[in-house]
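This report concerns only the one structure given below.
The values are calculated or read from the model by the stated rules, or taken from the named source; none is laboratory data. Since this is a predicted model, take the numbers as computed values, not measurements. Neighbour counts are summed over all protein chains in view; Cβ atoms, including those assigned to glycine, are modelled from backbone coordinates with ideal geometry. Side chains are part of the model used for accessible areas, which takes the heavy atoms of the whole protein and leaves out ligands, DNA and RNA. Shrake-Rupley method; radii C 1.70, N 1.55, O 1.52, S 1.80 Å.
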Amino acid sequence: MLRIGIICYPTFGGSGVIATELGKALADEGHTVHFIAYEQPVRLDHFTENIFYHEVSLNNYPLFKYPPYEIALTSKIVDVVKAHQLDVLHVHYAIPHATAAVMAKKILRAEGKDVRIVTTLHGTDITLVGKDASYEPVVSYSINQSDVVTTVSQSLKDDTYKYFHIDKDIQVVPNFIDFGRFNKMPKDHFKKAIAPNGEKIIVHTSNFRKVKRVGDVLKVFAQIQKEIPAKLLMIGDGPERMNVENDCRQWKICDMVTFLGKQEAIEEILSVSDLFLLTSETESFGLAALEAMACEVPVISSNTGGIPEVNIDGFTGYTSDVGDIDDMAVNALKILKEGELEKFKKQAKEHALKFRIQEILPLYEKLYTE
Ligand code: GMT
């Protein structure tokens, strides 16, 4: 059994969720897992005897305009590796986690201790933030200095080679889903409360950042509700929420749209939903779409990045060019209107099953032991 350090963002975002669920599953297998983050990861909600959490705390000094988080993180990694004899560090998201891990490895090597680094790239660390000239050289170096590098989709692997100077072999290990949690549950009373007249329930979940194009979600819904009775549930929170709420008021469709904010029990909401909308500008994988599919919800999405590896056009839903609202609305109506819904629901789950955590976990374990 291995002693594994997992470095991640603790927030609701996909990379933090994947890192936390992976750590919990590894602990279930008998490995010892040490999470290192600036806050307790949101999905790390139970006490488990072989899971530990180490918080990175920052002692700021008035001289510092910018608190040196990477240094605090590096020091914490060095300390935890030494104190707990870690074998491997699995870092999720390149910035600054891979960089801190590489630095920690060098410090430890100077002291005669070897630790291996597995870096998993998640998306925006490559496609949005990382490729920016202000980060690129450091991100390239940190990827090249990792012992193993993985991406969550083939598309992200291609993008990484395109935007960075990488001399390493990158392995694709897709994101996964825990069917123990994400499964369609009988929640008919809940469905009746949201859609008392049998309206179709459309759902979107995200962090409401610009990259998600949440305005497009509302535009697609505005077209759908002209044709069939429908309700839209908007889950999550972030910078674009207020703009979309304003659009909603202006278009006078507020009685059909509910903003639920951040939610823990997403699977309960997905269980009563008929269609999931994901209109992102870029998306390396689209974990939110996979969670929906696992709960038998077909997906209407853009065809950007890794989404087509998850949402199979014409099978689990449909994909359209980014911003092609009309095509997305037509496709949504095709599924909702023409008695196709049950078939698409079944197929969405069928494809989601390929991403069961039981299939993906051994791939990571193999990388660690190698
Ligand atoms: O989507 C976000 O803004 C959050 C981001 C993250 O790093 O938490 O998500 C990225 O990683 C997820 C897990 O691997 C992927 O499912 C998302 O597609 C990816 N987001 C983007 O590429 C925009």
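When residues in the stretch 7-57 are screened for being among the aliphatic types (A, V, I, L, M) and within 14 Å of the ligand (Cβ to nearest atom), 7 of them pass.
Can you tell me which residues in the stretch 272-281 are within 9 Å of the ligand (Cβ to nearest atom) and either open to solvent by 40 Å² or more (accessible area, probe 1.4 Å) or of a type in the set (D, E, K, R) (or both)? Hit for the stretch 272-281 is Glu281, nothing else. Restricting the stretch 105-124 to residues that are open to solvent by 10 Å² or more (accessible area, probe 1.4 Å) and under 24 Å from the mean Cα position of the chain (by Cα), which is modelled with the lowest pLDDT? Result: Thr124.
The rows are residues; the columns are (1) touching a Cys at 6+ places or on another chain (Cβ under 9 Å); (2) closer than 18 Å to Gly16 by Cα; (3) touching a residue at least 40 places away in the same chain (Cβ under 8 Å).
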| residue | (1), (2), (3) |
| --- | --- |
| Val56 | no, yes, no |
| Leu63 | no, no, no |
| Thr74 | no, no, no |
| Lys113 | no, no, no |
| Thr124 | no, yes, yes |
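Every condition in (1) open to solvent by less than 40 Å² (accessible area, probe 1.4 Å); (2) touching a residue at least 24 places away in the same chain (Cβ under 8 Å); (3) touching a His at 6+ places or on another chain (Cβ under 8 Å); (4) not hydrophobic (A, V, I, L, M, F, W, C) is met by Pro41 except one, and the failing one is (3). Name every residue in the stretch 135-165 that is among the hydroxyl-bearing types (Ser, Thr, Tyr) and more than 21 Å from Gly286 (Cα to Cα), in order of residue number. Hits for the stretch 135-165 are Tyr135, Ser140, Tyr141, Ser142, Ser146. Under the condition of being over 22 Å from the mean Cα position of the chain (by Cα) and without any contact (Cβ under 8 Å) to a residue 12 or more places away in the chain, which residue from the stretch 126-141 is farthest from Thr99 (Cα to Cα)? Top of the filtered list is Ala133.
For the stretch 286-322, the set of residues classified as open to solvent by 10 Å² or more (accessible area, probe 1.4 Å), within 9 Å of the ligand (Cβ to nearest atom) and within 20 Å of Glu267 (Cβ to Cβ) consists of Leu287, Ala288, listed by residue number.
Entry remark, the stretch 227-245: residues being more than 17 Å from the chain's Cα centre (by Cα) and on the phi > 0 side of the Ramachandran plot number 0 in total. Counting only helices (runs of 4 or more DSSP H) that fall entirely inside the stretch 248-313 and contain at least 2 residues that are closer than 21 Å to Gly180 by Cα, the qualifying elements are 266-270, 287-294.
Of Ala98, Ala94, all but one fail to be of a type in the set (Gly, Ala, Ser) and modelled with pLDDT of 95 or more; the exception is Ala98. Filtering the stretch 142-165 to residues that are within 18 Å of Val102 (Cβ to Cβ), modelled with pLDDT under 95 and open to solvent by 30 Å² or more (accessible area, probe 1.4 Å) leaves only His165.
Of all residues in the stretch 48-74, those being in a loop (DSSP other than H, G, I, E, B), within 15 Å of Tyr38 (Cβ to Cβ) and within 28 Å of the chain's Cα centre (by Cα) number 6.
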